[in-house]
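A.B. asks: Here it is, the structure in full.
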């Protein structure tokens, strides 16, 4: 059944190519092709567009510098709308176009489907942002982002435990989402025993009301939000006048970009809004500042977030690992053979320094090892 589904998807992809599909290349033109599947439309499009934009920018820079031994790179970017059911078709299209490596998927649920398909083909992927603990395996799947368990643990151990001992704090998470639930569970597991946790939940991508959740958490001076920005905006909006103005909203990477959402002004939220991140979009120096300047000049500020920064680093990390491999990698090799070489590099002594960190390494399970920081998106209003 899988083979039949893939054959059908490839046939569809071929039809799209004949109709002028943008990523089609002339037969025989050699390039290292990097595939990605992400939400280029829909509710999570801010993330997918950031990844696509930043990956394209990195590839343009690499190609302008001569590529890898004269061979240029190309991005095959496909829209999955944050829908796992669209991944198999996208994957077949990528294979049909001859990709060598991939950025996998942008979000976790589609990435879990992608992982199984990539395992069958032995395709190397380094995802910038699919943070589920089950996404990497250290064989062909790796993460540039922090895993959910890491985010939940760091949020508790490095910040909350030291600041809120003996207090009651709140958390809002989506109970039917692996990303949100995974971070929350690890956060709860690592909380100091003196801290009391009130938890409110919701289900679905697009809740229409948060009134019940606001009622449950309105007395908390700290509210943990391991959720995406759309439901977070709904909660913050309906919490005005009920949650104390000096409370703190604290999220993880899903909150990134909340200050760029069209139709929502973060300045209307009186509380502090912070998040755990490995990228400061307001950096004033170093590689992060260079990236910010180049990205905003090319694409504007609306999609400037850590998803894009991670994608930029993904492309350069793959490029650097290929360079480190020397003559063990060439453009005529199969994706499976390239995967063997790159996986050995990433689980070996290879280190990478980029926009989202320095001396970045990966462990044998494919999880990234780098420093996380608390980043304030908006300060609390002054009284």
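The values are calculated or read from the model by the stated rules, or taken from the named source; none is laboratory data. On a predicted model such as this, the values are computed, not experimentally measured, just so you know. Every residue, glycine among them, receives a Cβ derived from its backbone with ideal geometry; neighbour counts consider all protein chains shown.
A.B. asks: Name the residues in segment 215-234 that are within 10 Å of residue 170 (Cα to Cα) and surrounded by 18 or more Cβ atoms within 10 Å (Cβ to Cβ), would you?
C.D. replies: Answer for segment 215-234, where residues must be within 10 Å of residue 170 (Cα to Cα) and surrounded by 18 or more Cβ atoms within 10 Å (Cβ to Cβ): 217, 220, 222, 223, 224, 225.
A.B. asks: Being under 18 Å from the mean Cα position of the chain (by Cα) and either over 19 Å from residue 309 (Cβ atoms) or without any contact (Cβ under 8 Å) to a residue 40 or more places away in the chain (or both), is that true of even one residue in segment 57-72?
C.D. replies: No, every residue in segment 57-72 fails to be under 18 Å from the mean Cα position of the chain (by Cα) and either over 19 Å from residue 309 (Cβ atoms) or without any contact (Cβ under 8 Å) to a residue 40 or more places away in the chain (or both).
A.B. asks: With 171, 156 as the choices, which residue is in the same structural domain as residue 247 (by TED's automatic domain parsing) and in contact with a strand residue (DSSP E or B) (Cβ under 6 Å, 6 or more places away or on another chain)?
C.D. replies: On the way: 156 fails: in contact with a strand residue (DSSP E or B) (Cβ under 6 Å, 6 or more places away or on another chain).
Checking each option against the conditions leaves just 171.
A.B. asks: Restricting to segment 16-41, name every residue that is modelled with pLDDT of 50 or more, surrounded by fewer than 22 Cβ atoms within 10 Å (Cβ to Cβ) and not in a loop (DSSP other than H, G, I, E, B). Let's see the steps before the verdict.
C.D. replies: In the first step, residues of segment 16-41 are kept if they are modelled with pLDDT of 50 or more; the result is 28-41.
Cutting the leftovers down to surrounded by fewer than 22 Cβ atoms within 10 Å (Cβ to Cβ) gives us 28-31, 33, 40-41.
Within segment 16-41, just 33 meets the criteria.
A.B. asks: For residue 130, indicate whether it is crowded, with 23+ Cβ neighbours inside 10 Å, free of Cβ contacts under 8 Å to residues at least 40 places away in the same chain and out of contact with any helix residue (DSSP H, G or I) (no Cβ under 6 Å at 6 or more places or on another chain).
C.D. replies: On the way: crowded, with 23+ Cβ neighbours inside 10 Å: yes; free of Cβ contacts under 8 Å to residues at least 40 places away in the same chain: yes; out of contact with any helix residue (DSSP H, G or I) (no Cβ under 6 Å at 6 or more places or on another chain): no.
So residue 130 does not fit the description; no.
A.B. asks: Could I ask something else about it? Can you pull out every residue in segment 345-356 that is under 19 Å from residue 138 (Cβ atoms) and in contact (Cβ under 8 Å) with a residue 12 or more places away in the chain?
C.D. replies: Keep residues of segment 345-356 that are under 19 Å from residue 138 (Cβ atoms), which gives 345-352.
The answer is 345, 346, 347, 350, 352.
Per-residue answers, yes or no, for (1) in contact with a strand residue (DSSP E or B) (Cβ under 6 Å, 6 or more places away or on another chain); (2) surrounded by fewer than 21 Cβ atoms within 10 Å (Cβ to Cβ); (3) at negative phi:
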| residue | (1), (2), (3) |
| --- | --- |
| 239 | no, no, yes |
| 242 | no, yes, yes |
| 255 | yes, no, yes |
| 280 | yes, yes, yes |
| 283 | no, yes, yes |
| 300 | no, yes, no |
| 317 | yes, no, yes |
